[in-house]
Amino acid sequence: MTEVQIGFAGLAILLVLLGIRIPIGLALIGVSYCGIWALVGWNVAWGAIGIIPYQFSANWVLSSVPMFLLLGFVSYHAQLTKGLFDAAKVWLSGLPGGLAISAVLGSSAFAAVCGSSVACSAAMGRIAVPEMMRARYHPELATGTVAVAGTIGALIPPSILMILYGVIARQPVPQLFLGGLAVGILSAIGYITVIWIRVKLDSALAPRVVRHVPLSEKMTALADTWPILLVMIGIFAGLFGGVFTATEAGAVGAFLACVVGLAKRTLTWRRFKAAAIECLLTTSALIIIGVGASLFTRFLAISGVGGVISDAVLGVSDNQMIIMLMIVAVYLVLGCFLEPIGAMLLTLPIVLPIVSEGGHSLIWFGVLLTKLLEIGMITPPIGMNVFVIKGVVGNLVSLTAIFRGVMWFLAMDLFLVLIMVLFPQLTLAVPQYFLN
Amino acid sequence: KDLRYATGFAPNSTGAKAQEASAAYAKEISKGDLDIRVYPQSLLSFTEMSGGVRDNIADMGMVLFPYFPAEFPNSTMVSEMTMLFSQHDTGDRGGLAWTGALIEYITLNCPACIDEMTAQNQVFTSSSSTEYMMMCMKKVETAADMRGVRIRAPGAHWTRWANSVGATSVSVPQNEIFEGLSQGILDCSLSGAAELLDLSLVDAVKYIIRDVPGGGFGGTGLMNVNLDVWTSLTPEQRTELLRVGAHGSAYGSWNYRVNNLAALEAAEKKGIEIVAPAQDFLKATRDFTNADLKSIAKTYAEKYGLKDTDQAVQKMSELFEKWVGLVASIDSAEAYQELLWNEAYSKINVETYGM
Amino acid sequence: MSGLGRFISRLIDLFTNLGGIFIIVMMIHITVDVILRYFFHSAVEGTIEIVSNYYMIIIGFLSLCFTEEKNRNISVELVTDMMPKWLQRHLEGFSYLFALVIFGFLAVRTFIEAGKKQAVGAFVTQGTSDVIIWPAYYIIPLGCVLVLIVVAYKLACYVTGSESGLNEKLEDADPSAEYGVPQ
Ligand code: NA
Ligand code: NA
């Protein structure tokens with residue numbers, strides 16, 4: 001077998017293992033081990049599993065993930081978010097799927113303080129999903145909405161993915177951020193539209209609270225949102241006031257949430273312990289998958305599979321539009337299996353020259369790429385955001401159901417990607433406006 | 001012979017591109033025998049590099065010694081001496097002189113360095129270096145201006161210097177330098193000029209301070225080769241690999257110099273002010289460096305139990321001075337590679353080196 | 001066998017509480033560092049290295065056994081959901097075997113790696129401080145061994161067909177904190 005054949009065989013075996021319900025992290029580790037063994041020898045595989053688990057986990061930037069998770073869990077258990085959703089209920093209950101819509105709006109607001117989509121879906125998932133379930137929303141709608149809305153976290157700045165792209169493609173990060181802001185907002189509008197249409201078509205998905213709310217009650221409800229607003233304002237002010245970095249924001253935010261919870265007397269030791277334990281559960285589960293994905297990326301890098309897929313697709317035509325759509329297709333396929341950073345590192349060396357020689361803006365492509373990789377976060381079989389929501393809901397909703405809930409939004413995402421490819425100006429308008 | 005070369009640099013960065021060029025050079029001089037495949041970031045990160053080369057995940061890799069001070073104490077010690085740059089007014093040639101001096105030091109003058117590489121199952125073959133500069137959000141001209149400044153100082157020697165002038169050393173990971181500066185967590189960052197473009201620092205920074213504190217990243221094993229792989233090669237192949245090492249060292253350091261100058265030009269076009277430090281600031285820094293060289297030798301002897309550290313610091317200082325003279329008139333990467341070969345590489349015995 | 005199961009559950013609780021404590025410590029450590037830097041222009045030296053090398057490793061690996069006990073490992077049910085119950089049960093047994101092999105490999109290999117790091121006395125330097133990191137390398141094999149205990153026990157229960165006695169439910173934080181379970 002050639003190296004590339006071994007790579008494809010590894011992919012196939014991975015699918016089989018996932019199919020028979022081997023935990024994802026373990027399947028990735030097992031396939032990578034055997035794959036590297038087959039490609040370059042036992043000693044290399046043996047070396048890799050000794051080095052990568054530690055080095056993947058002992059990562060400062062990654063440390064923001066448990067802290068943002070803790071922020072979300074504490075906010076939820078200390079009932080800081082209760083006011084937000086009561087207010088949302090009161091203000092948006094007139095709309096079809098009002099709670100789901102406010103989950104999207106909440107994610108968009110939270111995205112402004114959160115660099116990764118996993119952390120964003122984790123925090124909002126803990127806050128919004130139980131509220132929707134309690135309001136008897138259909139579980140697929142409730143979980144799908146939050147899994148998808150989490151992807152806004154990597155589009156609206158700050159964004160870890162865009163920073164990495166900026167470094168690799170040598171593009172100015174602030175411009176990428178501004179482009180991401182535009183696409184993030186468009187995505188949010190798109191998701192709200194999907195919710196609107198779905199609930200219009202089938203009102204049983206999201207039972208409506210039909211009652212007239214006097215303005216005074218609406219204002220009272222708004223006033224009750226102060227706990228979480230205080231935390232959010234604290235995070236914003238600290239980030240933009242030069243007090244802490246985006247990585248540190250998780251810890252400080254969690255600390256703020258604790259302080260507010262204590263002041264409100266809603267944070268008991270028992271509740272804090274529950275928050276910390278859920279944070280542990282989710283972090284452990286994510287880290288073992290991260291270690292697996294990290295190993296799998298090395299396996300694919302050695303096998304050269306990423307290059308072969310790209311080459312094959314790009315060899316089809318010399319029409320720029322077709323090449324671009326092919327690149328989109330490649331990333332949609334890769335996104336099904338790979339974690340975004342790995343996918344980016346594997347493919348950019350091949351894809352970047354093609355994009356720039358085609359006369360495309362690398363800022364535009366960076367934003368498009370982030371959007372594509374974020375779509376990968378919600379597509380089966382490996383969709384990290386969906387896994388995070390699964391972690392939040394435990395055994396209440398099956399993974400399959402969450403993926404089903406995501407499908408509707410996926411259609412909207414694909415439509416948005418098409419618009420981005422057809423009208424690059426849409427993405428570039430915001431950076432260009434601020435540049436002049 | 002197929003060889004996997006891993007670097008922690010991102011694809012398309014100055015560092016990764018130089019290594020691609022060396023891979024092409026390897027193919028050329030070996031007439032296709034040495035087929036080096038470069039993996040930028042996709043195979044091993046910098047923190048995984050030493051273990052990865054040791055266990056042959058990559059056949060060769062870019063090992064940064066200060067990341068592994070326990071594994072490479074002798075090499076890490078000399079890497080703390082780069083503030084010598086400002087001692088000799090090396091300007092934009094400090095990296096060139098350091099690269100030559102370090103290669104000559106480790107391969108021919110420091111058996112302890114070679115032993116510590118062997119213990120990690122690898123062989124040192126090349127290096128590269130570049131000048132670091134202070135990039136600031138506020139104007140720093142005198143030593144007094146440094147008081148209370150929050151600075152990212154990526155090395156123990158710079159941290160000691162920062163403390164000596166009353167600045168606060170702040171730890172921020174490399175990929176957060178940009179937001180650290182633009183959001184005001186950092187007042188200054190000590191970075192290579194190429195990072196103005198590589199990390200887009202050019203969009204944040206307002207002032208670049210020349211010559212103070214001076215120095216560069218001094219502990220790069222540009223292409224450390226797995227010892228088993230090295231042993232399995234024929235002496236001819238090893239010689240070819242050393243030539244590739246000389247090429248990588250020369251082009252790496254030279255390209256950094258060229259890119260630094262281009263980045264500084266771009267910075268000036270963007271309206272970033274290049275600040276020349278006041279004489280007293282420069283003098284205070286030089287006095288600090290003199291004292292620090294002695295304390296480096298002392299610290300490594302006492303804290304880490306190294307032997308003959310005074311002689312080691314002395315030897316490296318002499319070599320550096322010699323190389324400052326050697327690189328002063330170098331006008332191309334080719335000529336620099338030739339110089340590295342004649343002064344250092346040609347004296348390595350490939351029958352026994354590193355084994 | 002359920003007595004053994006209850007014992008294992010208590011052992012896991014011990015390490016989970018330890019992990020929980022480190023989450024608090026991590027939050028406070030980073031916050032204090034930020035406050036010192038902003039208001040007092042000083043810092044807790046080594047924060048980044050301690051957070052990355054100790055807290056992250058402890059949080060990630062020490063409570064892996066807890067994730068295993070509560071069946072919170074993330075897997076794809078897509079295909080198995082459509083299979084008959086008896087087949088699902090055997091596949092579950094196979095997944096325990098699979099986990100046993102993987103975590104066995106990881107435990108041995110990361111233990112060897114920890115030994116190498118201890119032999120050189122691995123540390124990292126942040127600022128002017130040295131942070132000793134080799135002890136952190138032992139946390140990974142310890143975490144793997146704890147998972148192995150849980151997995152081996154579950155496999156034994158599957159083979160013998162006995163009740164596990166493990167506490168697989170997540171304790172309710174607070175009866176009044178509504179989890180949003182539709183009745
Ligand atoms: Na964000
Ligand atoms: Na996916």
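When only residues in segment A:63-86 that are assigned to a helix (DSSP H, G or I) and surrounded by fewer than 21 Cβ atoms within 10 Å (Cβ to Cβ) count, which is farthest from ligand 1 (Cβ to nearest atom)? Checked segment A:63-86; the qualifying residue farthest from ligand 1 (Cβ to nearest atom) is A:86.
Filtering segment B:44-70 to residues that are outside any loop (DSSP other than H, G, I, E, B) and either within 7 Å of chain A (Cβ to nearest Cβ) or without any contact (Cβ under 8 Å) to a residue 24 or more places away in the chain (or both) leaves B:47, B:48, B:51, B:52, B:67. On inspection, residue C:17 fails the criterion of being polar (S, T, N, Q), under 30 Å from residue A:337 (Cβ atoms) and more than 7 Å from chain A (Cβ to nearest Cβ).
In the condition set (1) among the β-branched types (Val, Ile, Thr); (2) more than 17 Å from residue A:103 (Cβ to Cβ); (3) within 14 Å of chain C (Cβ to nearest Cβ); (4) within 11 Å of ligand 2 (Cβ to nearest atom), residue A:375 is compliant with all but (3). Return the residue satisfying two criteria in turn: it lies in segment B:180-203 and is of a type in the set (A, V, I, L, M) and open to solvent by less than 10 Å² (accessible area, probe 1.4 Å), and of such residues it is nearest to residue B:154 (Cα to Cα). Checked segment B:180-203; the qualifying residue nearest to residue B:154 (Cα to Cα) is B:190.
Each row is one residue, and each column tells you yes or no for (1) open to solvent by less than 50 Å² (accessible area, probe 1.4 Å); (2) part of a helix (DSSP H, G or I); (3) of a type in the set (Ser, Thr, Tyr); (4) within 16 Å of ligand 1 (Cβ to nearest atom).
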site: A:317; (1), (2), (3), (4): yes, no, yes, no
site: A:323; (1), (2), (3), (4): yes, yes, no, no
site: A:329; (1), (2), (3), (4): yes, yes, no, no
site: A:335; (1), (2), (3), (4): yes, yes, no, no
site: A:348; (1), (2), (3), (4): yes, yes, no, no
site: A:352; (1), (2), (3), (4): yes, yes, no, no
site: A:355; (1), (2), (3), (4): yes, yes, no, no
site: A:359; (1), (2), (3), (4): no, no, no, no
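Applying the criterion of at least 2 residues that are in contact (Cβ under 8 Å) with a residue 12 or more places away in the chain and more than 16 Å from ligand 1 (Cβ to nearest atom) to the helices (runs of 4 or more DSSP H) found wholly in segment A:134-192 leaves A:139-150, A:160-169.
Restricting to segment A:102-133, and then to whatever is assigned to a helix (DSSP H, G or I) and within 11 Å of ligand 1 (Cβ to nearest atom), can you tell me which residue is farthest from the chain's Cα centre (by Cα)?
Among those residues, the one meeting the criterion is A:109.
Of all residues in segment C:37-46, none satisfies being under 29 Å from residue A:47 (Cα atoms) and of a type in the set (A, V, I, L, M, F, W, C). For segment A:4-36, the tally of residues that are away from every other protein chain (no Cβ under 12 Å) and open to solvent by less than 10 Å² (accessible area, probe 1.4 Å) stands at 3. Taking segment A:376-390 as the range and being open to solvent by less than 10 Å² (accessible area, probe 1.4 Å), away from ligand 1 (no atom under 16 Å from the Cβ) and in a helix (DSSP H, G or I) as the test, the residues that pass are A:376, A:386, A:387, A:389.
Restricted to segment B:159-248, the set of strands (runs of 3 or more DSSP E) holding at least 3 residues that are among the hydrophobic types (A, V, I, L, M, F, W, C) comprises B:220-226. When segment B:297-326 is examined, which residues are found to be among the aromatic types (Phe, Trp, Tyr) and open to solvent by less than 50 Å² (accessible area, probe 1.4 Å)? Hits for segment B:297-326 are B:300, B:320, B:323.
From the list A:16, A:31, the one residue that fits, being within 24 Å of residue C:68 (Cα to Cα), without any contact (Cβ under 8 Å) to a residue 12 or more places away in the chain and among the hydrophobic types (A, V, I, L, M, F, W, C), is A:16. Filtered by the rule that a residue be open to solvent by less than 80 Å² (accessible area, probe 1.4 Å) and outside any helix (DSSP H, G or I), segment A:210-235 gives A:213, A:214, A:225.
The values are calculated or read from the model by the stated rules, or taken from the named source; none is laboratory data. Since the structure is predicted, the reported quantities are computational estimates derived from the model, not experimental observations. FYI the Cβ positions are ideal-geometry reconstructions off the backbone, even for glycines, and counts take in every protein chain you see. Accessible surface is based on the protein model in full, side chains and every heavy atom, while ligands, DNA and RNA are left aside. Shrake-Rupley method; radii C 1.70, N 1.55, O 1.52, S 1.80 Å.
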